[in-house]
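Below is one structure; the comments refer to it alone.
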Amino acid sequence: MRIFIAAQLPTAINEALAQTSAMLRESVRGKYVPPDSFHLTLAFLGEIPGSRLPALHAAVEEAYAGATACECTLGDLGMFGRRNSATVWQGVEGDCVTKLAKSLRASLDTYGFDYDETKFLPHVTLMRRADLDYPFTSLPSPELASGTIDTVVIYQSELDSERAHYTPLYEVYLD
């Protein structure tokens with residue numbers, strides 16, 4: 001099973017991301033992430049056997065035992081990769097967002113789970129394989145919004161030729 005753990009985004013943030021994505025469509029070619037797939041990845045585990053899911057549930061429960069809901073705000077647009085095949089994202093700001101990732105990663109370590117240890121940069125991917133044929137700074141200003149993250153979800157990711165499909169497997173609610 002291909003697994004990642006993400007914060008579920010509040011409605012106001014999801015709507016602002018969808019508006020920014022729509023503006024980008026007017027000027028940038030690429031593979032857009034559908035708004036129903038927007039998420040804030042806290043840890044990407046990759047392939048794990050189904051037999052490890054109970055331990056993963058326990059690790060996530062332990063990471064967020066007593067944790068409070070997290071206020072966050074959308075930030076600037078950014079990109080990874082080359083200009084002719086970039087990943088375009090919008091940042092997510094809020095000290096508690098980084099704390100959510102740190103708590104989770106510490107618990108995953110305790111339970112013996114491997115995950116992508118790339119430095120955490122809170123963001124939501126809007127498009128992949130973007131062809132930025134002009135300076136990135138000329139893209140439209142993103143829509144901004146704030147909201148409260150109150151749910152962390154373990155997702156299974158299944159890839160097909162069109163897009164990734166995310167199935168929620170387990171949710172933890174923050175107080």
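Please give the length that would be gained between Cys96 and Ala22 if that part of the chain were fully extended, namely 0.36 nm times their separation in residues minus their C-alpha to C-alpha distance (nm, one decimal). Show your work: numbers first, answer last.
Numbers: separation 74, 0.36 × 74 = 26.64 nm, distance 2.84 nm.
Contour length minus the Cα-Cα distance gives 23.8 nm.
Local charge sum around Ala69 (other residues, Cβ-Cβ under 11 Å, Lys/Arg +1, Asp/Glu -1)? Intermediate values should be presented prior to the final figure.
On the way: positive: none; negative: Glu71, Asp150, Asp175.
Net charge in that neighbourhood comes out at -3.
222 nm [θ] for the chain, helices only, -39500 (n - 2.57) per DSSP H run of 4+, per residue, to 500? Working shown, then result.
Numbers: 3 runs with 42 residues, N = 175.
It lands at -7500 deg cm²/dmol.
In what sequence do His123, His165 fall when counting other Cβ within 10 Å, fewest first?
Values: His123 21, His165 13.
Least crowded to most crowded, the residues run His165, His123.
Would you mind computing, in nm to one decimal, how far apart the modelled labels at Glu47 and Asn84 are, each placed 7 Å from Cα along Cα→Cβ?
Computed distance between label sites Glu47 and Asn84 equals 3.2 nm.
Report the local net charge at Pro122: Lys and Arg +1, Asp and Glu -1, summed over other residues whose C-beta lies under 14 Å from its C-beta. It would help to have the intermediate numbers written out before the result.
Values: positive: Lys99, Lys102, Arg105, Lys119; negative: Glu71, Asp76, Glu93, Asp95.
With Lys, Arg at +1 and Asp, Glu at -1, the neighbours total 0.
Just one of (i) 114, 49, 28; (ii) 46, 34, 25; (iii) 53, 44, 28 is Cα extents along the principal axes in Å as worked out from the coordinates here. Which one is it?
(ii)
What is the angle, in °, between the Cα long axis of helix 95-110 and the longest principal axis of the Cα atoms in the chain? Nearest 10 is fine, range 0 to 90.
It is inclined by approximately 50 degrees.
May I ask you to compute the full-extension gain from Thr73 to Tyr170, defined as 0.36 nm times their residue separation minus their alpha-carbon distance, rounded to one decimal in nm? Could the numbers behind the result be given before it?
Details: separation 97, 0.36 × 97 = 34.92 nm, distance 2.49 nm.
Length gained, Thr73 through Tyr170: 32.4 nm.
Values quoted throughout were computed directly from the atomic coordinates according to the rules given, and no laboratory measurement underlies them. The model shown is predicted, which means the values in this text are computed figures rather than measured ones. When we count neighbours, we look across all protein chains shown, and the Cβ atoms used for this are built from the backbone with ideal geometry, even at glycine.
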